Amino acid sequence: MKFRTGIGYDVHQLKEGLPLWLGGVLVPHSKGLVGHSDADVLIHAICDALLGAAALGDIGKHFPDTDPAYKGIDSKILLKKVCELIRLKGYEIGNIDAILCMQKPKVAPYISKMRETLAACTGVDIDYISVKATTTEHLGFEGREEGISAIATALIEITKA
């Protein structure tokens, strides 16, 4: 068996009155993320980790923010398309590990649903999807509640010769 790894990072600004989508789950909060799509920072980092592992570039290459077709798009759709791309290239997902960096809101009650949603989008057993969250102890833009960042790693396995 041959394996490849990838890492993804994304950040989006928080703004009052927008919906907050994280890992494909709508999280109640007074602020949401600003972006061309639904700005799901967690899914975007996972997409970049998967694309990077397969040497397929990044999310901006495949779904540019200059394309009106992606305006307001549900990031779960983007993740499903990324999974199709890597499978067409002969890879299967081994596991995904991701972390949200944010001060508020507390997302622990939503992590199980995020894992379920991500597993459904990727076609991977939930036991191979990990989502964690951390605060930055009030430091940096995350600590000041100006934005949220996410980091993800992905392991993929070559399934075709």
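Flag: Ile99 does not match the condition of being open to solvent by 20 Å² or more (accessible area, probe 1.4 Å), β-branched (Val, Ile, Thr), at pLDDT 95 or above and not in a strand (DSSP E or B). Cβ separations smaller than 8 Å between residues 6+ apart or across chains give the following pairs from segment 22-40 residues that are free of Cβ contacts under 8 Å to residues at least 12 places away in the same chain to residues that are open to solvent by less than 20 Å² (accessible area, probe 1.4 Å): Leu26/Leu20. Leu78 meets the conditions (1) under 16 Å from the mean Cα position of the chain (by Cα); (2) part of a loop (DSSP other than H, G, I, E, B) in every case but one. The failed one is (2). When Ile151 is tested against (1) open to solvent by 60 Å² or more (accessible area, probe 1.4 Å); (2) outside any loop (DSSP other than H, G, I, E, B); (3) touching a helix residue (DSSP H, G or I) at 6+ places or on another chain (Cβ under 7 Å); (4) without any contact (Cβ under 8 Å) to a residue 40 or more places away in the chain, just one condition goes unmet, and that condition is (4). Determine if segment 17-25 includes at least one residue that is surrounded by 22 or more Cβ atoms within 10 Å (Cβ to Cβ), within 11 Å of the chain's Cα centre (by Cα) and among the aromatic types (Phe, Trp, Tyr). Yes: one or more hits. Give the residue that is farthest from Cys47 (Cα to Cα), with candidates limited to residues of segment 81-96 that are in a helix (DSSP H, G or I) and out of contact with any helix residue (DSSP H, G or I) (no Cβ under 6 Å at 6 or more places or on another chain). Selected residue: Leu88. A Cβ distance below 7 Å, combined with a sequence gap of six or more or placement on separate chains, defines the contacts here; from segment 90-116, residues that are of a type in the set (D, E, K, R) reach residues that are part of a strand (DSSP E or B) and modelled with pLDDT of 95 or more in the pairs Glu92/Ile156; Glu92/Glu157; Asp97/Ser130; Asp97/Ala152; Asp97/Thr153; Lys113/Val25; Arg115/Ile129; Arg115/Val131. Among the candidates Arg115, Arg87, Arg144, the residue that is more than 17 Å from the chain's Cα centre (by Cα), over 17 Å from His29 (Cβ atoms) and open to solvent by 30 Å² or more (accessible area, probe 1.4 Å) is uniquely Arg87.
The values are calculated or read from the model by the stated rules, or taken from the named source; none is laboratory data. Please read these numbers as outputs of a predicted model, since none were measured by experiment. Positions of Cβ are backbone-derived with ideal geometry, glycine not excepted, and every protein chain shown enters the neighbour counts. For accessibility, only protein heavy atoms count, side chains too; no ligands or nucleic acids. Shrake-Rupley method; radii C 1.70, N 1.55, O 1.52, S 1.80 Å.
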